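Taking it in order: structure first as structure tokens, then the write-up.
The values are calculated or read from the model by the stated rules, or taken from the named source; none is laboratory data. In this text the structure is predicted, and so the values were computed from the model without any measurement. So basically every Cβ, Gly included, is an ideal-geometry build from the backbone, and we count neighbours across all protein chains shown. Remember, those area values only see protein heavy atoms, side chains included, never the ligands or the DNA or RNA. Shrake-Rupley method; radii C 1.70, N 1.55, O 1.52, S 1.80 Å.
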Protein chains: 2
Amino acid sequence: MRISDLSEATGVPVATVKYYLRERLLHPGEVVSRTQARYDASHVERLTLVRALTEVGGLSLATARRVLAAIEEPDLSPLDAMAVAQRSLLGEPDAPPEDAGPSCDAAGPPDSRSRRFVAGRGWQVHPGDPVLDQLDAAWEACDRAGLGLDEERMARYADAAEQIGRTDVESVPRTSPQAAVRQVVLGTVLIDPVLVALRRLAQQHVAVSTGSSSRSGMLGP
Amino acid sequence: MRISDLSEATGVPVATVKYYLRERLLHPGEVVSRTQARYDASHVERLTLVRALTEVGGLSLATARRVLAAIEEPDLSPLDAMAVAQRSLLGEPDAPPEDAGPSCDAAGPPDSRSRRFVAGRGWQVHPGDPVLDQLDAAWEACDRAGLGLDEERMARYADAAEQIGRTDVESVPRTSPQAAVRQVVLGTVLIDPVLVALRRLAQQHVAVSTGSSSRSGMLGP
DNA sequence: CAATATTGGAGAGTGATACTCTCCAATGTC
DNA sequence: GACATTGGAGAGTATCACTCTCCAATATTG
């Protein structure tokens, strides 16, 4: 398989494939001569994955590279892989510039609303986990925006999240560790957009079926 | 309140405030003289909101502008506002370049897996809604990536999403239409990161408490 | 009232990201 | 043997979100 075939098989322009090769998002093909390298199914798969992570998952190329590296790491338990994936994802959405929070003195606040909330639910998570900081930031942003996101509503969301988390974990294949890691990492990234879409649709359904609309129906598409 | 006070009150640099004014993300202050304009609480609020939408919600400035416009639209029912918000959000995450799908012939596929799935659940959503296309794209990406996202797993996610959607809709204030629209639109954008974080934490909790780890514990933070 | 600071406005510059284009000689293909 | 393709590298492009520089016209302060 030549580079043009690879391009055709995936729908990614040749120039972009070359760029990905340069940026080490795609492993080099087997060099046949100075002007030819052979690509195979592994390249097609990888390329598809890169596009899925960036286009659907919304990751930057740098983040996608980290996530792919986590998948290919050979000696990693699924739990560790999940940690790596979650950490990789946090590298990019925002560089929290410690703006208005009066509690951000030390590098890691030992106690915060999120930590208390999570502990109160009996969830066992690492107290130093950056996801907790992310939750703090998001929760505070909701407060500042005037959304009434109180503990009760949070608890309902957490119930739903727990259900989702259970489904996530249950669907991890127990065949090979490799497959498990793959599922965990990709599931973390690629299922998010699915859940976001489902939430939007559920909102519509609930709003329509309970007659919350004050006057008109949906706007035409 | 001068521009420097506004800057100080929000933590946003003066140059950036000027930029937002130029880009119409912030309404102009009351002009007092040729070199002075007065800003008030509404500017502080708006600026805070812009930062929340972009930093926490991950929106581009263009999308944030559309979302804010939806909030300020006076004659809009909450349902319509939700539609506007959802539509605004779709403008940017990906410009679906109709790559590998063999089913993308007409502009809007009249029937798709997502549409069938949603219909099968009895959810009432507009069949032309772009969120359905988003769901199709995300679902297909999961398939291509080899995640076994079958209908059963989807059904569980949909159950959780319905719970979330119910909570969303229930928490819409019934006081003024303005407040309702605000809650709906901001809730759509700002609660997403909260849910993502909760999902990550729930995954960890479930994984730890069911002992899915094969060897080691969590990596240190 | 004079020295100094700040403002609005506009334009240009910056750095990051993700490509896309151009060239080239070496090779492959018909 | 003519023509197309390839790998490799560099440079160019477009978008985004700022950030910087300038300026003369005010404001503020001593």
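At a glance:
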read-out: Approximate shape of the protein assembly as shown as ellipsoid semi-axes (Cα gyration tensor, √5λ), whole Å, largest first; value: 36, 26, 25
read-out: Mean residue ellipticity (222 nm) of chain B, computed from DSSP H runs ≥ 4 via -39,500 (n - 2.57), nearest 500; value: -19000 deg cm²/dmol
read-out: Dipole in debye (nearest 20) - chain A, about Cα centre, beta carbon charges: Lys, Arg +1; Asp, Glu -1; value: 740 debye
read-out: Only Lys, Arg (+1) and Asp, Glu (-1) charged, at Cβ; the range B:1-56 dipole about Cα centre in debye; value: 240 debye
read-out: Amide H within-cut-off set for A:Arg38, under 5 Å, with H built and near neighbours excluded; value: A:Glu30, A:Val31, A:Val32
read-out: Solvent-accessible heavy-atom area per residue, rounded to whole Å², over the protein assembly as shown at 1.4 Å; value: 46 Å²
read-out: Residue mean of other protein chain beta carbons inside 10 Å, A:57-67; value: 1
read-out: GNM result for chain B, Cα springs below 10 Å: residue of B:Gly11, B:Gly187, B:Gly120 fluctuating most strongly; value: B:Gly120
read-out: Spin-label pair B:Arg22/B:Thr210, simplified geometry with 7 Å Cα→Cβ offset, distance in nm; value: 5.3 nm
read-out: Contact order relative to length of the range B:1-56, as percent, for alpha carbon pairs under 8 angstrom and 6 or more apart; value: 38 percent
read-out: Area accessible to solvent at A:Glu30, 1.4 Å probe radius, in Å²; value: 120 Å²
read-out: Accessible carbon and sulfur surface of the range B:1-56 relative to its total accessible area, %, 1.4 Å; value: 51 percent
read-out: Shielding by partners, peptide B:79-86 (average Cβ within 10 angstrom, other chains); value: 6
read-out: Most mobile listed residue (A:Gln203, A:Gln86, A:Gln134) in chain A, GNM with C-alpha springs under 10 Å; value: A:Gln203
read-out: Inter-chain Cβ neighbour average for residues A:44-56, partner chain, 10 Å; value: 4
read-out: Relative contact order (%) - criterion: Cα under 8 Å, at least six apart; region: chain B; value: 19 percent
read-out: Where labels lie 7 Å past Cα in the beta-carbon direction, separation of A:Glu170 and B:Arg34 in nm; value: 7.2 nm
read-out: Per-residue SASA entry for A:Met82, accessible area with 1.4 Å probe, Å² rounded to 10; value: 10 Å²
read-out: The range A:1-67 - Rg over Rh from alpha carbon coordinates, Kirkwood radius; value: 0.96
read-out: Overall Cα dimensions of chain A, principal axis frame, Å, largest first; value: 65, 50, 39
read-out: Area hidden from solvent between B and A (accessible, protein heavy atoms only, 1.4 Å, total, Å²); value: 8900 Å²
read-out: Cβ-based net charge around B:Arg2, under 10 Å, with every Lys or Arg adding one and every Asp or Glu removing one; value: -1
read-out: Calculated P(r) tail over 12 Å for the range B:107-162, as whole % of Cα pairs; value: 68 percent
